[in-house]
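S.K.: Here it is, the structure, as structure tokens.
The values are calculated or read from the model by the stated rules, or taken from the named source; none is laboratory data. Model, not experiment: these values are computed from the prediction. Cβ atoms come from the backbone with ideal geometry, glycine included; neighbour counts cover every protein chain shown.
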Amino acid sequence: MSQNDTNDIPPDPIYAKSLSIPIFLASMAVVGAVALVIADDGWLRRPYLSTQEEWQEKYVSFLEDVRDVRQDEVEEQLKGLDDYKDLNKSVSSADGEVKNAVAEVQRAIFNLDSELKSVLKAITSPRSEISALSYKAEHAAATEGVTVPAKSEGAHHYLEEIKEIEARSVLYSWTERAEGELDAGSITKEEEAEIGALIERMLTLQEAKAAKQGELAVAAKPLTDAIRARDGWLARNLGNLKMILGSADDDALEAIANKVAEAGVAAYLDTATTTLKPEQIQGLIDATEDWSVGDLTATQIHIPETANWVDRCETCHLNARAPLPVTAADMGGERLFASHPRAEELFANHDPKRFGCSMCHGGNGVAVTSEEDAHGLNHHWLQRLHPEANFEAGCIQCHGPDIYLEGGERHNQAKENFRHFGCWGCHKLEGYDVEPEQARAVAKRLSDIDALIERKQMRASNLKEALGTLYDVDEDRFDELEPESAREQAALAMEISGLHTERGVLATKVQGLYSEEKTVGPNLKDLRAKIRPEWLTQWIANPKHWRPSTKMPAFRFDEAKNGEDVKDLAAFVWQSSTDVMSDVGTYGVSAMKTGDATAGEELFKTVGCLACHSKTDGELTVGNDFAANLSNLGDKYNRTLGLSYYVRWILNPRHRLAPFCADCDRDLVPDDFVNDAKDLVFSRETKTCPNCGFELKWDNPTVMPSFRLSTAQATNIATYLIDQKSGEEFEAAPWLDEDERFQRGRRLAQHLGCAGCHEISGLESEQRIGTELTGWGSKPMERLDFGHYTHDAKTHDETGGHDPLLDWSSGKNGDDRRIFEEGAEDYVGKWYNHRGFAMHKLAQPNLYDASKNVTYATALKMPKFNLDGQQITDLASLLMGSTEAASMPDSIKYNPVGDELAIREGWWIVKKYNCQGCHQVLADDVPFIQTLPGWQKEGEHENDRPPSLVGTGFRTRPDFLAHFLGDPSLGGKDPKSLRDHLTTRMPTFMFTENEIRKLVRFFDAMAKQPPVYQPAQLEPLTATERAAADQIWTKANCLQCHVVGDLMPNDETKAPNLDYAAGRLRPEWVRRWIENPPGMVPGTAMLVLFKKECPSCQKTFDPAAMAKHAADSKSGDADECPDCGKDLSAGRWVWNDASVPAVNAIKGDHIDLIVRYLNDGKFPAPKPK
Amino acid sequence: MDWKQLWEICSAPDNVPIVLLLFLTPFYLWYGFREAIKNDRLITQLEADPALAKTHHRRHQPYHPAWDKTVHVWPYLLRIELLAALVVTAFLCIWAIYLDAPLEEPANPTLTMNPAKAPWYFLGLQEMLVYFDPWIAGVILPNIIVVGLMAIPYMDTSPLGNGYYTWKQRKFALGGFLFGYLVLWLALAIVGTFIRGPGWMWFWPGQTWDAHRVVHEVNIHLHELFGITDVWEIAIFGGIATLGFTAVLGGAVDFALRKWKPELFRKMNVIQYAHLVGFLIMMIRLPVKMVLKLGFDIKYVWVTPWFNV
């Protein structure tokens, strides 16, 4: 830089200017940025670190609470219990017993020990010296190569020294205890001895002391045993609060409960995890304290077999699988740290190690960077976390084809709503209403087969004809072709016969499917027989007006038409219905006289109608909403034929007025049967169409059964029903017969999808008009049309987008607002999601047409169902959970086989026919009929209650059950069926064989019975045995309650007909039943007739005595003889009445005798009562 | 005015660069021109004073006889570049931390996102699809852009402006480039980012992007204005219109160059000159087509069974 030498030239700024400071600052900025990178990766993006620390602290403190309560409070309480006091007493008495002996041994040990210590003290130093010298001697000997030190020269010297030491004499002293009491004083002793002798003495003392210690253990054994028993009891019970409470008397129990409640861990008292022992709790505390915060692998569930599913939910929900239940209150109100509230019940079948968390709950199981990410609330994530009110959506993903899940209350309600309101009439959803499609497929195959048979027959006859012609013209050629042709004809005959067989099978199948098909609403073909014309139009216009409780929804009609379109629709359904007046006799309806309404009312209320139907009298509605409310039928029934129609309906609801032929696609009329060459008649016996030969549909699509009433009874009920009127007047409806309305009304019926719920003549093959809902939950959001609410739904609660249903706060939509406020915590905010769409749509089905410039034809058609908030929420769960099959890995789907499949299929039938209206199917069911007024209390209508079906599969033989379900009157002999004493009666449901098979398998599977039943082969009765059994039969007076043979039932006969016992009941069950009837059905009227005999002491005990003994005894063993304590199980059962010699002579088991007797079924002729 | 909508567009992490460009481009334009004008004044001064021109070589630190005319790259240039690199590194680190990659849901072949937008730097190309056949907008024009940029040093051999800002000496070159960059590239990208919403419809800034919006768009082809219906006549008519327009435009460009930039024609050989005119024609045709489309609803000028222009 020589240029800068001279001072008057300024330095060149390019060289002179320094960039050090900017570069330094920029470098610092880079360093800072790198530090930020590290912090971001290490902490800022791991919000769970602080969560885990918080959990650690709270969980440890909670566990310590639990532990301390166990160890201090509860221990104190335990010590107050009698059991503990007893044990403690035996400790003190044992202490007293062994005290002296132990003290003596202890004194001897003390003395020996005292001397031993003194000796040791005296010889310690000399022994060490001797050891050192010994080493030197050994070393010297080894150096010289001499094997014995005594022979070594070098060692000699040392050995001498050792001998000198050993010969040294020392004085030692010790203290001994005097004999007698412990504090009897002490004696000081002093001895002198040579070191060598003392070493010997030490060994002797040690042996003596060990011997004495052995003696001590023996002497103290009674005491140590007693202490061990007491402390063991304490430790065991400390770990099991339940056990303590079980064995505590009331006061102690209350005291413990109070103490524990004060300590804030009341949850422990009623949970299964009270079995955790204090040391296990300590283990949990240690593990929690040692928890390595931030270790993601520790809280990750990885399921390699399920598409490498990964869930890290437990990174924050650290107690989800806690071994003891933890509530939010336990963790300082932090719900995040509560354990899964239904862990015990759900994890048994859904092990989180196999299912993870997000598979059921939704959300993004992998994300841990924020709550929003982890819960999948980012709008790009496809599986949002299901809100709390819709948890069941998770169940439905895999349990779509189930209609009932044990414990899944909301799930069941969701499925039930979809069935009940007939959503499936317009929308297809997996599992619902599968029969029509199957029927269509089978019908198609039937037509194909018919065509095929015709073709083959044609070919056969052509062949024959051709050969005949050939024979006439060219005999040689005929001879040549004849064999081949004969073969072909034979083959054709075979094929045709095979096709006929297949046709037969399919025809049966299609008949079954026709019978299983149901619709939600009534068959509108019956309108002209049933309904008064004046009533119809106003009903269609607004069904809720006349019947607020109807499930028929309110349709929206074209306002521009000013009611004319409703009239069109009414005219169409009216004119399309069967013209019963044309041929009154044939259709089985005609004018008839009324019956006795009072008798009808009595029958209506007792025979079982109210298990499905309801009826309103004034303000009070009684009955089930499974089927229609039957109030005020007087307003609507047809004045000429209505009564007759209802009677016909009650007698056999499944009989159509006229059969439907799917091939002709219309109802047949009597004229179709005129001039029929096959002599078919217009009757149910005719299974095929006289026109085309196709299978006829004779079954009404209703689940209503026949109660096997007499015509008079049915007339009485019908009279009672049509007697009730609201007094409302309806205007005359001349438009119903206007021809020009027919086509317009038909188009409207098609437009609104009336045929989804009703059978309407001419619209039988209409398809569903709604969107298919299977897989709806996986629909991309973009496919859900929020209309002009899209923007509001996306931005609600942020920048002024709003929720239209929240705005309708007053007036007619007040109820809608409630729906969206209750349970809104998961919902308020944006509603641009599947749940928001479904809930809004269900509450206000045409909401998304708002602000749209639509015509009536293009407007949304879904009618309004007036659902309440819970129903809407449940249905939303169902829709959210109806995801694409592909969205769930196959390995976790519920694909039941065997018993589980039978249960799944059976539930559909149980729900379809409302079996639970009358029967208990699950142990915790309350059948609807028992909730009716006057039925609820124990003892009311005691003898009218239909039997519980819990355990039916074990009780009843499957062959009988099938027979019974098919025909509960068992051959028509007895219209009241098996239980003559009940006024309610099992109606005939006209199940198909398929349904019966499924029901029988369902009950077998519910009772865990194998699919194939092998009846046990019972020994036939000998003459002696029969005589004895006859004695029991007569003396026990079975016929007081049971019915047998032709004996007419009376007020006293309240039990099943024993004539059926043999074929109906499984002997295994009969045996168990007779042993202990109240044990099986508490409160049953069946008497205990037999006692168990102890094989050892020959005493007899009735089941109640045995049960009481088992409950009282500590072992809890039901097979322990209450008297002698020996094993009862090998004993036989004997009859209560020991006074009959013929019975006493039977040495075998008397119940066995009776079981065989009943199975034999030959009872002595009953005396007429 | 839907401020939320506007904020959503501006704050989308993938739109940050184009938002930055909205501010940086005017700034650097202003800065460059400010410097250029100062230099231009100096140039005028030096041209008027040949003596000063011999010695004067720096505008900021005017001539000093003891100062070097040239300086070394290391360290005097590289240290400035190091400083810039450090600043950019720190800036990018912070950007990367606070703006995550804008991941969306898994691609669904049955469901196209709406609007489906290319990355911001391709939005100019995507916008061109509105005006041209895909094979022109997507294949030919991008190739011409790349080739044209590569060809610039071979057509423009003038050393003027190397190492200093100037407008006066390079009006034509800078004007041409700025037209290409600002109008044909950046403006199109801005339109694609801020203006085009669902359905690639035109939404003014602040207008809500409503996926349900429906607009009535008229699209006519030029030949329809003349009532031509036969497919061959249409092809021939379109060919004449397109090629004729190109020829006329070429003549006009040639005329203008000879009139206002005669030295170019003198200095360039025939290949250089032909390419220059060709590229200029392409650059002018694009906005002409845009005006036809946006102003007169004319979709295609030349319709043939194989391609449309």
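Let's see how each residue does on (1) in contact with a helix residue (DSSP H, G or I) (Cβ under 8 Å, 6 or more places away or on another chain); (2) closer than 24 Å to A:Thr883 by Cα; (3) acidic (Asp, Glu); (4) not assigned by TED's automatic domain parsing to the domain that holds A:Asn624:
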| site | (1), (2), (3), (4) |
| --- | --- |
| A:Arg440 | no, no, no, yes |
| A:Arg445 | yes, no, no, yes |
| A:Ile453 | yes, no, no, yes |
| A:Gly468 | no, no, no, yes |
| A:Glu480 | no, no, yes, yes |
| A:Ala490 | no, no, no, yes |
| A:Glu495 | yes, no, yes, yes |
| A:Glu502 | yes, no, yes, yes |
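S.K.: In addition: Could you please give the count of residues in region B:287-309 that are surrounded by 18 or more Cβ atoms within 10 Å (Cβ to Cβ) and under 16 Å from the mean Cα position of the chain (by Cα)?
M.R.: The total comes to 2.
S.K.: State which residue is surrounded by the most Cβ atoms within 10 Å (Cβ to Cβ) when the search covers only region A:367-392 and only residues that are away from chain B (no Cβ under 14 Å) and part of a loop (DSSP other than H, G, I, E, B).
M.R.: Step one: list which residues in region A:367-392 are away from chain B (no Cβ under 14 Å), which gives A:368, A:371, A:374-375, A:385-392.
Then drop every residue that is not part of a loop (DSSP other than H, G, I, E, B), which leaves A:368, A:375, A:385-387, A:391.
Details: A:Val368: 21, A:His375: 20, A:Leu385: 23, A:His386: 25, A:Pro387: 21, A:Phe391: 19.
It comes out as A:His386.
S.K.: Name the single residue that is farthest from A:Asp402 (Cα to Cα) among those in region A:843-862 being assigned to a loop (DSSP other than H, G, I, E, B) and touching a Lys or Arg at 6+ places or on another chain (Cβ under 7 Å). Reasoning before the result, please.
M.R.: Taking region A:843-862 and keeping what is assigned to a loop (DSSP other than H, G, I, E, B), we get A:844-846, A:850-862.
Among the residues that remain, those that are also touching a Lys or Arg at 6+ places or on another chain (Cβ under 7 Å) are: A:845-846.
On the way: A:Pro845: 27, A:Asn846: 30 Å.
Residue satisfying both the conditions and the ranking: A:Asn846.
S.K.: Also: From the list A:Gln1017, A:Gln1031, A:Gln1040, which one is polar (S, T, N, Q) and at pLDDT 85 or above? Give the steps one after another, and end with the answer.
M.R.: Details: A:Gln1017 fails: at pLDDT 85 or above; A:Gln1040 fails: at pLDDT 85 or above.
That would be A:Gln1031, the only listed residue that is polar (S, T, N, Q) and at pLDDT 85 or above.
S.K.: Identify the single condition in (1) closer than 27 Å to A:Ala749 by Cβ; (2) at pLDDT 90 or above that A:Phe837 does not satisfy, given that it satisfies every other one.
M.R.: (1)
S.K.: Are there helices (runs of 4 or more DSSP H) fully within region A:11-99 with at least 2 residues that are at pLDDT 90 or above, crowded, with 16+ Cβ neighbours inside 10 Å and within 14 Å of chain B (Cβ to nearest Cβ)? List them. Talk me through it step by step, then tell me what you get.
M.R.: On the way: elements: A:13-16, A:20-39, A:48-68, A:75-79.
The qualifying helices (runs of 4 or more DSSP H) are A:20-39.
S.K.: Taking only pairs six or more apart or across chains, which ones have beta-carbon atoms under 7 Å, a first residue in region A:533-551 that is under 16 Å from A:Ala628 (Cα atoms), and a second residue that is among the hydrophobic types (A, V, I, L, M, F, W, C) and not in a helix (DSSP H, G or I)?
M.R.: Pairs found: A:Pro543/A:Met552; A:Pro543/A:Ala554; A:Lys544/A:Ala554; A:Lys551/A:Phe421.
S.K.: Can you spot a residue in region A:532-540 that is in contact with a strand residue (DSSP E or B) (Cβ under 9 Å, 6 or more places away or on another chain) and in a helix (DSSP H, G or I)?
M.R.: At the first step, the residues of region A:532-540 found to be in contact with a strand residue (DSSP E or B) (Cβ under 9 Å, 6 or more places away or on another chain) are A:532, A:535, A:539.
Pick out the ones that are also in a helix (DSSP H, G or I) and you get A:535, A:539.
The answer is yes; a qualifying residue exists.
S.K.: Name the single residue that is modelled with the highest pLDDT among those in region A:965-982 being in contact with a Lys or Arg (Cβ under 9 Å, 6 or more places away or on another chain) and closer than 21 Å to A:Cys612 by Cα.
M.R.: Checking each candidate, the answer is A:Pro968.
S.K.: From (1) in contact with a Pro (Cβ under 9 Å, 6 or more places away or on another chain); (2) at pLDDT below 90, pick out the condition that doesn't hold for A:Ala570.
M.R.: Condition not satisfied by A:Ala570: (2).
S.K.: Determine which member of the set A:Ser590, A:Ser549 is more than 29 Å from A:Arg684 (Cα to Cα), hydroxyl-bearing (Ser, Thr, Tyr) and assigned to a loop (DSSP other than H, G, I, E, B).
M.R.: Numbers: A:Ser590 fails: more than 29 Å from A:Arg684 (Cα to Cα).
Sole residue among the options that is more than 29 Å from A:Arg684 (Cα to Cα), hydroxyl-bearing (Ser, Thr, Tyr) and assigned to a loop (DSSP other than H, G, I, E, B): A:Ser549.
S.K.: Something else: A:Pro341 passes all but one of (1) farther than 30 Å from A:Lys911 by Cα; (2) free of Cβ contacts under 8 Å to residues at least 60 places away in the same chain; (3) not aromatic (Phe, Trp, Tyr); which number fails?
M.R.: The failed condition is (1).
S.K.: Of the residues A:Leu346, A:Leu336, A:Leu324, which is under 26 Å from A:Glu305 (Cβ atoms), surrounded by 14 or more Cβ atoms within 10 Å (Cβ to Cβ) and of a type in the set (A, V, I, L, M)? If you could, list the steps in order and put the result at the bottom.
M.R.: Values: A:Leu336 fails: under 26 Å from A:Glu305 (Cβ atoms); A:Leu324 fails: under 26 Å from A:Glu305 (Cβ atoms).
It is A:Leu346.
S.K.: For B:Tyr181, all conditions in the list (1) within 18 Å of B:Tyr28 (Cα to Cα); (2) assigned to a helix (DSSP H, G or I); (3) touching a residue at least 24 places away in the same chain (Cβ under 8 Å) hold save one; what is the number of the exception?
M.R.: (3)
S.K.: Which residue is nearest to A:Gly32 (Cα to Cα), if the candidates are limited to region B:77-110 and must be facing another protein chain (nearest Cβ under 8 Å) and touching a helix residue (DSSP H, G or I) at 6+ places or on another chain (Cβ under 6 Å)?
M.R.: It comes out as B:Ala90.
S.K.: Another one. In region A:771-807, which residues are outside any loop (DSSP other than H, G, I, E, B), at the interface with chain B (Cβ under 10 Å from one of its Cβ atoms), modelled with pLDDT of 80 or more and surrounded by 13 or more Cβ atoms within 10 Å (Cβ to Cβ)? Spell out the reasoning first.
M.R.: Taking region A:771-807 first, the residues outside any loop (DSSP other than H, G, I, E, B) are A:776-778, A:781-783, A:787-796, A:801, A:804-807.
Those still in the list that are at the interface with chain B (Cβ under 10 Å from one of its Cβ atoms) too: A:781-783, A:787-788, A:790-791, A:794-795, A:801.
Those left that are additionally modelled with pLDDT of 80 or more: A:781-783, A:787-788, A:790-791, A:794.
A:Met781, A:Glu782, A:Gly787, A:His788, A:Thr790, A:His791, A:Lys794 - these are the residues of region A:771-807 that are outside any loop (DSSP other than H, G, I, E, B), at the interface with chain B (Cβ under 10 Å from one of its Cβ atoms), modelled with pLDDT of 80 or more and surrounded by 13 or more Cβ atoms within 10 Å (Cβ to Cβ).
S.K.: Residues to consider are A:Asn319, A:Asn364; find the one that is under 18 Å from A:Tyr48 (Cα atoms), within 14 Å of chain B (Cβ to nearest Cβ) and in a loop (DSSP other than H, G, I, E, B). Before the answer, list the steps.
M.R.: Details: A:Asn319 fails: within 14 Å of chain B (Cβ to nearest Cβ).
When all the criteria are applied, what remains is A:Asn364.
S.K.: Could I ask something else about it? What are the pairs with Cβ atoms under 6 angstrom where one residue, in region A:141-168, is assigned by TED's automatic domain parsing to the domain that holds A:Ser131 and the other, located anywhere, is of a type in the set (Asp, Glu) and not in a helix (DSSP H, G or I)? Sequence gap at least six, or different chains.
M.R.: Listed by first residue and then by second, the contacts come to A:Ala167/A:Glu194.
S.K.: Further question: Would you confirm, using the coordinates I've provided, whether B:Leu123 is within 30 Å of B:Trp302 (Cα to Cα), away from chain A (no Cβ under 11 Å), touching a Gly at 6+ places or on another chain (Cβ under 9 Å) and surrounded by 12 or more Cβ atoms within 10 Å (Cβ to Cβ)? Reasoning before the result, please.
M.R.: Working: within 30 Å of B:Trp302 (Cα to Cα): yes; away from chain A (no Cβ under 11 Å): yes; touching a Gly at 6+ places or on another chain (Cβ under 9 Å): yes; surrounded by 12 or more Cβ atoms within 10 Å (Cβ to Cβ): yes.
Yes; evaluated as a whole, the condition is true for this residue.
S.K.: Restricting to region B:192-214, and then to whatever is within 14 Å of another protein chain (Cβ to nearest Cβ) and without any contact (Cβ under 8 Å) to a residue 40 or more places away in the chain, can you tell me which residue is surrounded by the fewest Cβ atoms within 10 Å (Cβ to Cβ)? Walk me through how you get there before you give the answer.
M.R.: Pass one, region B:192-214, residues within 14 Å of another protein chain (Cβ to nearest Cβ): B:197-199, B:203, B:206-214.
The next check asks that each one be without any contact (Cβ under 8 Å) to a residue 40 or more places away in the chain; those that pass are B:203, B:210, B:212-214.
Working: B:Phe203: 20, B:Asp210: 17, B:His212: 13, B:Arg213: 13, B:Val214: 8.
Across region B:192-214, the extreme among qualifying residues is B:Val214.
S.K.: For region B:56-76, give me each residue that is farther than 27 Å from A:Ile21 by Cβ, more than 10 Å from chain A (Cβ to nearest Cβ) and surrounded by fewer than 12 Cβ atoms within 10 Å (Cβ to Cβ).
M.R.: Residue satisfying the conditions is B:Lys69 alone.
S.K.: Being in a strand (DSSP E or B) and touching a residue at least 24 places away in the same chain (Cβ under 8 Å) is true for just one of A:Leu643, A:Leu657. Which residue is that? Steps first, answer last, please.
M.R.: On the way: A:Leu643 fails: in a strand (DSSP E or B).
Being in a strand (DSSP E or B) and touching a residue at least 24 places away in the same chain (Cβ under 8 Å) holds for just one of A:Leu643, A:Leu657, which is A:Leu657.
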